[in-house]
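The values are calculated or read from the model by the stated rules, or taken from the named source; none is laboratory data. None of the values given here were measured: they were computed from a predicted structure. Every residue, glycine as well, gets a Cβ built from its backbone with ideal geometry; the counts of neighbours run over all protein chains shown. Quick note on the areas: whole protein, heavy atoms, side chains included, nothing else; ligands and nucleic acids left out. Shrake-Rupley method; radii C 1.70, N 1.55, O 1.52, S 1.80 Å.
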Amino acid sequence: DRAMPLSRPTGQIPEATWTLGFREMTEPWKGALGCLGVAVFFAMTIGIISWQALEQSPEEWVLRGRAGGVLWERRRGALLLRTLPAGRTVAVIAVGGVPAAEPPPPRDRCWQDGGEFCYAWEEDAELRLSLEPPPAPATECYGVRWTPLRPDVVLKNCFSMANVSWYGGASVRAQRWPLNGAESPAQPFVTGDFSKNPAGYGPVLERYFLGSTGVTVTVAPHVPLFLSLESNRHFCLESPAGRAAVPLGYLLCPSSRLPPRASPAGWGCKPARLFPPRRSPIWRYRGPEGSATKIKRGLRSLAKRLKRHRLQEGVLALGERCTAVLAAAVRPDHVPSERRKRQDTTRAWDPSPLAPLRLCVTLSPYTSIASPLFLRSLRDGEAAGYWLSLQPPVPLLTTWKGQLCARLNVTNEAARGWYLARARRLRQALGAAYMVIEGAGGDAFLQQAVPPPAELAGDRYTGALAAALATLGNATVISAGARSSHLPLFVQMSPLHSDWSHAGLKGVIPSVLHYSLLGYNFFIPDAVAGGSLGSDTPGDPELYVRWLQIVTFLPVMAFSTPPWLCCDAWVLNLTRQCIERHRDFVVPLIVKYSEEWLRLGHPIFRPAWWLSPTDPAAFTIEDEFLIGDEVLVAPITEKGQTWRDIYLPGEGHLWMDTNTARVFDGGTILRNYSASLAEVPVFVK
């Protein structure tokens, strides 16, 4: 092999060696320049972010009126309702179902109209805010309407409870005042029956919410609505899932004070006429019910004992089962008039031995599918339309008091007429002065997971039934209310437990304030006896007495257990005194403020904040109530206590204790105020 000759030096740097050396020499400069560029980029980014944070407000006005407006808050993705000129935020509404962090740009759809703001989240939802005509002078209202752009979008607006107390809306099993302390999962906003669904909503509700900041939230009756309550965090209005393009809309009306100038939905129709509270108590019959003979004997026995104990004035109330047994005995339902004239007079009912006590009977819009009444209706083609049905003539079956039943079709004019005629015949045949209609609440279609027809959506069933029953006169009691507070009907409150909890005694006053705020001033509270969900003979005389002391100051006193069955003789004497005080002191007071309700729509039973609208301490008081503006009732609701703290509302007013004649300043708190078991603190302004 021949070796390669060595290269001869030429005095020049070889090309490969020069390139490699230059790269090695310039590499640090390139790295420095790259780092400098990255640093400049980050500095510019941080500067832009800082500029946005410092120069751009996290809130942006999207709709501005004369007295306030609506802003969008980027950080939380929330709508803010703010009043002017003070700039006070009266409601914070967190938005769900859309990309909350995306800030709306300037108006892009209805920019030409200064009274509206429109914005669309692509493929999610569209928002429209608008200035709306106010329901009362010196107020300003804003309409909020969300429209989903896809069927799977569930719209959800949550109203913050931070620094705001909320009232109204739905009744719940353990009623609270305000609603901040209540808890409920998202469910249809319809009246319900706690015996069927304890976790559902109760018999009285309105699509109206009132905040302690003076703002009202009203949802139109045609809007399908779900409601959830998360204790001390927020309440949420939601659109139903699984329906194509169901909008969510409501009206916001801020006010500078409590009570607001704008009337709530429950007061939307003022009462048609004045109807008085009942001066005499109601005694619920709990005797034998196996036959008409036993019921008659039991009623006569109860009447004799009431008379013997000098409690002879009042009403004896029969439940639905006893009413049905007596009705079958006198047959007012279906026997033609000429045959009724010929029927055996020994079967007739004579209420005269009960006098001066009068009778109250109970019906419901349900009938058992095994009853002759229902079977006859199936044979009659026309009568088959008397019952709710999925596809006529097949009725929609539901349960009522443990039986499979059909429910009256209140949208059928012939069915309504037949039912009312039946009620009148029954009332006449039994000589009843009053009539209770149970089972008025709830949606039979939703209970079967079936969408209701449009004419019965939401609480239209309850409203239609209430309108029909109002023709029976003002001696009629209904078990539910929805947009019917203007009708001359008494409303039966929900049954309560025989205990001291919010599902028992502590829930009475919150329920009173809730019903009255929504316009249902004439109600029948749960019976004195420790609650009608308790045993027939309550074992806690203290609970009996404290319950008695509260209902003394309500429109009607009702008893499910007479005092001689539960307590000592002094409780019987106390019962007589309370009935007399109700008749002579409370009823005239309620009549007086009924005229104000008729004229102005103000509730008769009022919370402490009614006279102290700017005192936060008054917003959460749930164990006191006012009758009008002049009487404050502050009963004991804690077991074993003979004292309590009492808030006297109305700074500048004077209050006199009716028990001691001592006078105190309004706007103050009486600490550890004494009240023995025989006393209830009552103050007159």
Quiz item: How many residues does the stretch 279-295 contain that are in contact (Cβ under 8 Å) with a residue 24 or more places away in the chain and in a helix (DSSP H, G or I)?
Solution: 2
Self-check item: Residues (surrounded by 21 or more Cβ atoms within 10 Å (Cβ to Cβ) and among the charged types (D, E, K, R)) located in the stretch 177-199
Solution: Asp193
Quiz prompt | Evaluation of Arg606 against (1) open to solvent by 20 Å² or more (accessible area, probe 1.4 Å); (2) of a type in the set (D, E, K, R); (3) within 27 Å of His502 (Cα to Cα) (one fails), failing number | solution = (1)
Quiz item: Does Leu598 satisfy being in contact (Cβ under 8 Å) with a residue 24 or more places away in the chain, touching a Leu at 6+ places or on another chain (Cβ under 7 Å), open to solvent by 20 Å² or more (accessible area, probe 1.4 Å) and assigned to a helix (DSSP H, G or I)?
Solution: yes
Exercise. Search the stretch 632-649 for residues being in contact with a Leu (Cβ under 6 Å, 6 or more places away or on another chain) and β-branched (Val, Ile, Thr), and hand back the single one that is most open to solvent (accessible area, probe 1.4 Å).
Key: Thr637
Quiz item: Mind checking whether some residue in the stretch 466-485 is open to solvent by less than 10 Å² (accessible area, probe 1.4 Å), part of a helix (DSSP H, G or I) and within 20 Å of Ala432 (Cβ to Cβ)?
Solution: yes
Quiz item: Hey, does the stretch 296-309 have a residue that's at pLDDT below 85 and either loosely packed, with under 15 Cβ neighbours inside 10 Å or assigned to a loop (DSSP other than H, G, I, E, B) (or both)?
Solution: no
Self-check item: Residue check for Pro224: of a type outside the set (A, V, I, L, M, F, W, C) and more than 14 Å from the chain's Cα centre (by Cα)
Solution: yes
Practice problem: Output the number of the condition that Gln641 fails; it satisfies all remaining conditions of (1) part of a loop (DSSP other than H, G, I, E, B); (2) modelled with pLDDT under 95. | Solution: (2)
Exercise. Would you point out which residue out of Ser171, Ser165 is in the same structural domain as Val98 (by the TED database), within 30 Å of Pro85 (Cα to Cα) and touching a residue at least 60 places away in the same chain (Cβ under 8 Å)?
Key: Ser165
Quiz item: Does the stretch 201-210 contain any residue that is modelled with pLDDT of 90 or more, surrounded by fewer than 19 Cβ atoms within 10 Å (Cβ to Cβ) and under 30 Å from Ala120 (Cβ atoms)?
Solution: no
Practice problem: Among the residues of the stretch 645-664, count how many are in contact (Cβ under 8 Å) with a residue 12 or more places away in the chain and touching a strand residue (DSSP E or B) at 6+ places or on another chain (Cβ under 6 Å). | Solution: 10
Quiz prompt | Cross-chain or 6+ apart pairs with Cβ under 7 Å, the stretch 667-685 first and in a strand (DSSP E or B), then among the hydroxyl-bearing types (Ser, Thr, Tyr) and open to solvent by less than 30 Å² (accessible area, probe 1.4 Å) | solution = Ile669/Tyr647
Practice problem: Tell me which residues, restricted to the stretch 143-172, are at pLDDT 95 or above, of a type in the set (Ser, Thr, Tyr) and assigned to a strand (DSSP E or B). | Solution: Ser160, Tyr167
Self-check item: Residue among Gly530, Gly519, Gly458 that is open to solvent by less than 10 Å² (accessible area, probe 1.4 Å), in a loop (DSSP other than H, G, I, E, B) and at pLDDT below 90
Solution: Gly530
Quiz item: Identify, please: which residue in the stretch 416-434 is surrounded by fewer than 20 Cβ atoms within 10 Å (Cβ to Cβ), among the basic types (Lys, Arg) and in contact (Cβ under 8 Å) with a residue 60 or more places away in the chain and is, among those, nearest to Asp350 (Cα to Cα)?
Solution: Arg425
Exercise. Just name the residue that is most open to solvent (accessible area, probe 1.4 Å) out of those in the stretch 435-448 that are in a loop (DSSP other than H, G, I, E, B) and more than 15 Å from Pro395 (Cα to Cα).
Key: Glu438
Quiz item: So how many residues does the stretch 563-592 have that are surrounded by fewer than 20 Cβ atoms within 10 Å (Cβ to Cβ), within 11 Å of Tyr544 (Cβ to Cβ) and either within 32 Å of the chain's Cα centre (by Cα) or among the acidic types (Asp, Glu) (or both)?
Solution: 1
Self-check item: Selection from the stretch 118-142 of residues that are at pLDDT 90 or above and among the aromatic types (Phe, Trp, Tyr)
Solution: Tyr142
